[in-house]
1. Residues that are over 21 Å from Thr133 (Cβ atoms): list the helices (runs of 4 or more DSSP H) wholly contained in segment 1-114 that include at least 2 such residues.
2. Among the numbered conditions (1) in contact (Cβ under 8 Å) with a residue 24 or more places away in the chain; (2) on the phi < 0 side of the Ramachandran plot; (3) not aromatic (Phe, Trp, Tyr), tell me where Ser64 comes up short.
3. Quick check on my filter: what residues within segment 1-57 are of a type in the set (S, T, N, Q) and in contact with a Phe, Trp or Tyr (Cβ under 7 Å, 6 or more places away or on another chain)?
4. Any chance segment 58-68 includes a residue that's of a type in the set (Lys, Arg) and near the ligand (Cβ under 8 Å from one of its atoms)?
5. Would segment 12-23 turn up any residue that is modelled with pLDDT of 95 or more, surrounded by 15 or more Cβ atoms within 10 Å (Cβ to Cβ) and within 7 Å of the ligand (Cβ to nearest atom)?
6. In segment 28-53, what residues are among the polar types (S, T, N, Q) and more than 9 Å from the ligand (Cβ to nearest atom)?
7. Of the conditions (1) within 14 Å of the ligand (Cβ to nearest atom); (2) in contact (Cβ under 8 Å) with a residue 60 or more places away in the chain; (3) of a type in the set (Ser, Thr, Tyr), Ser122 satisfies every one except a single condition; which number is it?
Amino acid sequence: MRLVRLIYVSRMTERCDIEAMQQILAVSRLKNKEKDITGILCYDPSYFLQCLEGPRDAVNELYSGILRDPRHENVVLLEYCEPGERQFPEWSMAFLSTADMNPGMLKKYAGVEKFDPYELGSKDACNFLVHITEQARDYLR
Ligand code: FAD
């Protein structure tokens, strides 16, 4: 099996409210488990930052569906690689809001003004997600 990791950032559309997010999460956890996909979905009131890890065909197929999902737009691929191992093996889809994060953490990855996930390079995007997962391990949803 070829293991791949894919990270993208996107902007929520007005079709994405709390209820829609809960639905996305519930569907993701169910379907990802079936497809051996793991990862994390980080959000704030305006964007999503998601990492998907798993078999190449399954991740590619899911991503092409995610690209067409009208609940978000401006999807930008930040990383696509074949890592030696998974960074998020424990979660079919961990779910974390920037509101739950330590502001110092966001500052570390922020540019001059404020944290903007569209400005992250591939290495920083992955490091950021690993970092916040470690920090939030106790209350990660
Ligand atoms: P269907 O439900 O038949 O979907 C058909 C089409 O309708 C798809 O294009 C779908 O995107 C769209 N759609 C489905 N429900 C709604 C709705 N309530 N409102 C508007 N459009 C809708 N799915 C996963 O399985 N795993 C993930 O990790 C995952 N992460 C996501 C992250 C984000 C930021 C978003 C926005 C969506 C994510 N999804 C994820 C959902 C994914 O886009 C699909 O909706 C889901 O996988 C079901 O797709 P389907 O084609 O099997 O089913």
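The values are calculated or read from the model by the stated rules, or taken from the named source; none is laboratory data. Owing to the predicted nature of the structure, the values given are computational and were not obtained by experimental measurement. Here Cβ is always computed from backbone atoms with ideal geometry, including for glycine, and neighbour counts include all displayed protein chains.
1. On the way: elements: 18-34, 56-67, 103-109.
Filter on segment 1-114 gives 18-34, 56-67.
2. (1)
3. Those that are of a type in the set (S, T, N, Q) and in contact with a Phe, Trp or Tyr (Cβ under 7 Å, 6 or more places away or on another chain): Ser10, Thr38, Gln50.
4. Yes, segment 58-68 has at least one match.
5. No, the conditions are met nowhere in segment 12-23.
6. If the condition is that a residue be among the polar types (S, T, N, Q) and more than 9 Å from the ligand (Cβ to nearest atom), then Thr38, Ser46 are the ones that fit.
7. The failed condition is (1).
Per-residue answers, yes or no, for (1) surrounded by 15 or more Cβ atoms within 10 Å (Cβ to Cβ); (2) at pLDDT 90 or above:
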{"position": "Gly39", "(1), (2)": "yes, yes"}
{"position": "Glu53", "(1), (2)": "yes, yes"}
{"position": "Arg56", "(1), (2)": "no, yes"}
{"position": "Gly65", "(1), (2)": "no, yes"}
{"position": "His72", "(1), (2)": "yes, yes"}
{"position": "Val75", "(1), (2)": "yes, yes"}
{"position": "Cys81", "(1), (2)": "no, yes"}
{"position": "Glu90", "(1), (2)": "no, yes"}
{"position": "Ala110", "(1), (2)": "no, no"}
